[in-house]
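Since the structure comes first, as structure tokens, the remarks are kept for the end.
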Amino acid sequence: MKANYRALLIFVLGFGIFMLTRRSMFFPTISVAIVIAPIFILRFIRTQPAGRGSLLTFVGFLLSMNIALWGLFGSSTTILVVNLIRSTLLSILYFLPYLLDRLLYPKFQKKPFLSTLIFPVSLTAVFFLSSLEGPFDGTVAKTVYAYGPLVLQQLNSLTGLWGFTFLFSWIASIVNYAWENNFVWRRARKPVLVFLSVFAAIIIFGALKISSFMTPKTQMVKVASVVLLPENGKVIPMNEVYEKKLISPFKQTIDRINNLTATAVRNGARIVAFQEYAITINEDSEQQLQAACRKIAKNNNVYLSIAYACFANEGKGSNKSLLIDNDGNILVDYTKRYLLGIGDIGETRVFHKGAEIIQTVETPYGKIGVSLCRDMNFPSYIRQAAQQHVDIMLNPSYDNPKGLSPGYYQRSIEFGFSTIRPTYNGISHAEDYHGRILAQMDSDETDSGILYALVPVRGIKTLYGKTGDWLGWLSLIFLIAFSIPPVRKILV
């Protein structure tokens, strides 16, 4: 009976803490929970009979994921059903590494060090595979693992997200190994010391990378991130804009864009970047809009980034971003690649996808790249920017639900560029190539809607930018090796 109560306590602790890893309407989000929760969940599934433990673990993920995410994206019946399906698929994704560990771990118990690698290899391989294709491709639903101080975040420049999935799941495995050995140091010493050595090396690398004597000296440019604040104070949800095909009052919005641009220039900005959906138009007005924006850039002698939604009279329109130089020339005409939604649900119902090409251009302020919002969720796509040596990435965004912290800063660390992210209904921010937040602005706590930041005009090169997902592929190879009996026999 005591064993059953102990198992129940571990189950409740594991999945109760796990709910705190998700953005939720009911619970606070506690970043460190992603390190703690797997310790208890792994302990639970390993100490239960394989069949029952696996079933209960899946049920735990199913319940905790659906409870935490319920109603987050809206309360209409369609959205709730879609969210239920999404949460269930997420539950399967998070459950699979635990199932693989439960099947493989007993076969390696005589090899202490190798046994601690089963879970991190399984989790990293499964998450990496899901990033290649499917409903959670890219880093969608996985960035909860990208947690830690700036010095630890530099791991992104070596491995991308996969370094964090491996490192944090390795902690859970190490603690469980020590737990199984009653925390006797003599028995747990070897894997613990190996982990601590690796962790120390990562911290030393991060400290050196962000130190002043390792940071290249470069010129800075003043950039303004601009958000068109709702004039009535009421935020319009992103899904309402594209579902109802809401059209902006053209002259009024252009006048606001012009006035805000002029204000930013008077305050020294050389690049002015507006939010995603800064103006929404019908396709008949697109040439008029582009002409107006070219005039604004030329009259204000500024590089202007303007993002807009263009609804088609028939078929699908486009979610676009222009970069215009100070002579009024359109340098970049970019269409969003990774739209929000799938099939006839979301942006994909009203917009067509852009080409899988990151557009870049040389300017007096370094090489500038353009992306839109959740394009930054896809490192394999954004890696083009590193290959083209982009120095500054412009990423206009529109959060739904509202973002609570700077988003996608990991891409800056991974690929060595600075990022400018003007965000409607969220946190606008600018960060350098180390992921240091140079400036940020909450859209609910600003009167002007303008954020200024001094940004380096030169980026840096990174290992991850050159080699890509080497750790993801390596984890997949090891998982396959662990799963093949003849290979496993050699290892054991």
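Quick notes
- As computed over the range 298-382, the Cα convex hull volume per residue (Å³): 103 Å³
- log₁₀ of I(q)/I(0) at q = 0.07, 0.11 Å⁻¹ - the chain, Debye sum with one point per alpha carbon: -0.41, -0.93
- The residues packed around Asn4, meaning those with a beta-carbon under 15 Å from its beta-carbon, carry a net charge of +4 if Lys and Arg are +1 and Asp and Glu are -1.
- Extension gain for the segment Glu286 to Val361, taken as residue separation times 0.36 nm less the Cα-Cα distance, is 24.8 nm to one decimal.
- Rounded to whole numbers, the Karplus 3J(HN,Hα) couplings from phi for the range 352-366 are 8, 6, x, 5, 7, 9, 7, 8, 9, 7, 6, 9, x, 10, x Hz, using 6.51 cos²θ - 1.76 cosθ + 1.60 with θ = phi - 60°, and x at Gly and Pro.
- Summary of the geometry: the range 419-492 and the range 308-324, compared by the centres of their Cα atoms, lie 28 Å apart.
- Estimated vicinal HN-Hα couplings, Hz - the range 476-483 in sequence order (Karplus 6.51, -1.76, 1.60; Gly, Pro = x): 5, 4, 5, 4, 4, 4, 5, 8
- Label-to-label distance, Ile480 versus Lys402, with points set 7 angstrom from Cα along the beta-carbon direction: 4.8 nm.
- Summarising the amide proton neighbourhood of Tyr277: residues at separation of 5 or more, or on other chains, whose placed amide H is nearer than 5 Å comprise Tyr308, Ala309.
- Spacing of the two label points (7 Å from each Cα toward its C-beta) at Thr88 and Glu231, in nm: 4.5 nm
- For the range 220-459, DSSP calls about 65 percent of its internal beta bridges antiparallel.
- Where N is the number of residues in the range 1-61, Cα Rg divided by 2.2 N^0.38 Å: 1.14
- Scattering profile of the range 220-459 at q = 0.08, 0.13 Å⁻¹ [log10 I(q)/I(0), Debye over alpha-carbon scatterers]: -0.25, -0.70
- Backbone N within the range 302-345 under 11 Å of label point (7 Å from Asn258 Cα along the Cβ vector): none
- Highest average packing first - 285-295, 469-479, 318-328, Cβ atoms within 10 Å: 318-328, 469-479, 285-295
- Each residue of the range 276-293 is assigned a 3J(HN,Hα), and the resulting list reads 5, 6, 4, 8, 10, 9, 8, 4, 5, 9, 5, 5, 5, 5, 4, 5, 5, 5 Hz, derived from the Karplus form 6.51 cos²θ - 1.76 cosθ + 1.60 (θ = phi - 60°), x at Gly and Pro.
- Under 5 Å, built H, 5+ apart or other chain: amide partners of Thr363: Ile368
- Full extension of the chain segment joining Lys466 with Asp137 gains 116.4 nm, where the gain is 0.36 nm per residue of separation less the Cα-Cα distance.
- Adding -39500 (n - 2.57) for every DSSP H run of four residues or longer, then dividing by how many residues the chain holds, sets the calculated 222 nm ellipticity at -15500 deg cm²/dmol.
- If a spin label sat at a point 7 angstrom from the Cα of Ala7 along the line to its beta carbon, the backbone N atoms of the range 24-47 nearer than 20 Å would be those of 38-47.
- Under 9 Å, Cβ to Cβ, from Asp375 - net charge with Lys/Arg +1 and Asp/Glu -1: +3
Just so you know, all these numbers are worked out from the coordinates, no wet-lab data involved. Owing to the predicted nature of the structure, the values given are computational and were not obtained by experimental measurement. So basically every Cβ, Gly included, is an ideal-geometry build from the backbone, and we count neighbours across all protein chains shown.
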